[in-house]
Amino acid sequence: MTLRQAQATVDEWIRTTGVRYFSPLTNMAVLTEEVGEVARVMARKYGDQSCKAGENLDLADELADVLWVVMALANQTGTDLTEAFVNNLEKKNVRDCRRHKDNPKLH
């Protein structure tokens with residue numbers, strides 16, 4: 001599935017099963033919540049925190065939730081994530097082509 005197809009799938013689900021989009025500000029709050037859930041999994045699986053009894057640590061599911069909300073925000077703001085990603089990659093290849101290779105902290 002491409003990014004464009006995923007955006008269309010999210011849009012279709014929201015308009016049919018989900019009834020309608022939440023407001024962009026609500027979706028921004030939901031995105032923050034979902035990123036927090038990714039942080040919780042990371043802290044427990046890869047950090048120093050321990051799990052609570054019966055806690056489910058499904059990083060893939062939490063990352064997919066983040067992607068879902070990002071796509072919802074993109075849809076409701078008219079952002080084509082495929083185009084945005086291509087443009088962002090081009091920017092990184094021009095602006096940052098030597099930045100990390102020349103960073104002594106990374107060697």
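The values are calculated or read from the model by the stated rules, or taken from the named source; none is laboratory data. All of these numbers come straight from a predicted model, not from anything done at the bench. Here Cβ is always computed from backbone atoms with ideal geometry, including for glycine, and neighbour counts include all displayed protein chains. Surface areas here come from the heavy atoms of the whole protein model, side chains and all, with no ligands, DNA or RNA. Shrake-Rupley method; radii C 1.70, N 1.55, O 1.52, S 1.80 Å.
Brief remarks follow.
- Surface listing: S23, S50 arranged by accessible area from highest to lowest gives S50, S23, probe 1.4 Å.
- Cα gyration tensor category, rounded, prolate or oblate, for the chain with a/c compared to 1.5: oblate
- Legend: calculated FRET efficiency, Q49 to M1, from the Cβ-Cβ distance at R0 = 30 Å, rounded to 0.05, equals 0.35.
- Cα gyration tensor shape for the range 8-68, rounded if a/c is under 1.5, else prolate or oblate: prolate
- Surface analysis of the chain yields an accessible area of 74 Å² per residue, using protein heavy atoms and a 1.4 Å probe.
- In nm, spacing of pseudo-spin labels at V86 and A29 (7 Å Cα→C-beta vector): 3.7
- Percent accessible area from carbon and sulfur atoms, the chain, protein chains only, probe 1.4 Å: 59
- Aspartates and glutamates with Cα under 15 Å of K91, excluding same-chain neighbours fewer than 8 positions away: E83
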